[in-house]
Amino acid sequence: MTKAPSNPEEIFQAVVKDYQKIFGHDLLSVILYGSGARGEYIPQKSDINFLILLSENGVDNLSKAFEVVSRWHKSRVNTPLFLTKNYLQASLDVFPIEFLNLKAYYRVICGEDVLQGLVIEKKFLRLQCEREIKGKLLQLRQQFLETKGSKRGIENLLALSAPTFYSIFRALLFLQDKAIPSGSKELLSLVAHETGLNSTLLLDILKIKEGSKRLTTVEAVSFMEAYIEQIKKLSAVIDEMKM
């Protein structure tokens, strides 16, 4: 297959077959995550993401997957996230946001459901949220200056930064014991309601990311400044959370 499928399900069998062929009994499970698992997959635009659980022996022999990984890139399949059970359990305190997002919406294609039993501790999650938000705030300011006020540069920056903040937004809702919506619009609306952020601005960023909204040259700089101000406000919100 050399083009993106109209639905991720079209490639499940072939993907599993390819990895079973090269890893055999060392392949423990194949799990779909990301937009495909959330029901937001858009053909030719969305990437397809798999978590592949391997034994320790399997992960020590990743070179077997060179050709398969490269071939599936042609169908917009990202390089899989190759993990082991030991790595999962030993990394929950370091990457709680990433594992929370994996756990929130996924689909087991074959093998065991290694994500179901994961326990995300709020104290580690809050700490990573604070670190990520404050780090991204610094990056946004720097990257904003690097656009030199270019409309296209600002739109690209907004689109590229959005997914990272969606992950943080899901974590914030988890910290507040709120159900995490699967849809991006619902996620942004709920986060705005719970934190006091500007819902219109957040939804406009989603539209820019999806390509349904374009900024004018005049409004691009002020829009970016407003966005940075919202992230600054978000930083203050997480500072007030104590776990």
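The values are calculated or read from the model by the stated rules, or taken from the named source; none is laboratory data. Just so it is clear, the structure is predicted and the values come from calculations on it, not from any experiment. Quick reminder, even Gly has a Cβ in these numbers, built from the backbone with ideal geometry, and neighbours come from all protein chains shown. Side chains are part of the model used for accessible areas, which takes the heavy atoms of the whole protein and leaves out ligands, DNA and RNA. Shrake-Rupley method; radii C 1.70, N 1.55, O 1.52, S 1.80 Å.
Residues of the range 182-213 being within 17 Å of GLY34 (Cα to Cα) and surrounded by fewer than 18 Cβ atoms within 10 Å (Cβ to Cβ), which ones? SER182, GLY183, LYS185, GLU186, GLU210, listed by residue number. Just to be sure, is SER222 at negative phi and modelled with pLDDT under 95? In short, no. In the range 89-108, the qualifying residues are those that are touching a Leu at 6+ places or on another chain (Cβ under 7 Å) and in a helix (DSSP H, G or I), and the one that is surrounded by the most Cβ atoms within 10 Å (Cβ to Cβ) is PRO96.
Is it true that SER235 is within 20 Å of the chain's Cα centre (by Cα) and not aromatic (Phe, Trp, Tyr)? Yes. When LEU190 is tested against (1) closer than 23 Å to PHE99 by Cα; (2) over 21 Å from the mean Cα position of the chain (by Cα); (3) among the aliphatic types (A, V, I, L, M); (4) modelled with pLDDT of 95 or more, just one condition goes unmet, and that condition is (2).
Within the range 42-70, residues that are open to solvent by 70 Å² or more (accessible area, probe 1.4 Å) have Cβ atoms under 6 Å from residues that are at pLDDT below 95 in these pairs: GLN44/ALA4, counting only partners at least 6 apart in sequence or on another chain. Considered as a group, the residues in the range 214-232 that are outside any helix (DSSP H, G or I) and open to solvent by 10 Å² or more (accessible area, probe 1.4 Å) include one that is nearest to LEU160 (Cα to Cα), and that residue is ARG214. Can you say whether GLU10 is assigned to a loop (DSSP other than H, G, I, E, B), out of contact with any His (no Cβ under 8 Å at 6 or more places or on another chain) and within 20 Å of TYR105 (Cβ to Cβ), as far as the supplied structure shows? Here the answer is no, as GLU10 does not meet what is asked.
Restricting attention to the range 139-176, report how many residues are among the acidic types (Asp, Glu) and open to solvent by 50 Å² or more (accessible area, probe 1.4 Å). Show your work before the answer.
Quick first cut of the range 139-176, residues among the acidic types (Asp, Glu) only: 146, 155.
Now restrict to residues that are open to solvent by 50 Å² or more (accessible area, probe 1.4 Å): 146.
Looking only at that region, the number is 1.
Quick check on this structure: which one of ALA236, ALA179 is assigned to a helix (DSSP H, G or I) and exposed (fewer than 13 other Cβ atoms within 10 Å of the Cβ)?
Details: ALA179 fails: assigned to a helix (DSSP H, G or I).
After ruling out the rest, the residue left standing is ALA236.
Residues are listed down the side, and each one gets a yes or a no for (1) of a type in the set (Gly, Ala, Ser); (2) touching a helix residue (DSSP H, G or I) at 6+ places or on another chain (Cβ under 8 Å); (3) modelled with pLDDT under 95:
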{"residue": "TYR41", "(1), (2), (3)": "no, yes, yes"}
{"residue": "GLN44", "(1), (2), (3)": "no, no, yes"}
{"residue": "GLU56", "(1), (2), (3)": "no, yes, no"}
{"residue": "SER63", "(1), (2), (3)": "yes, no, no"}
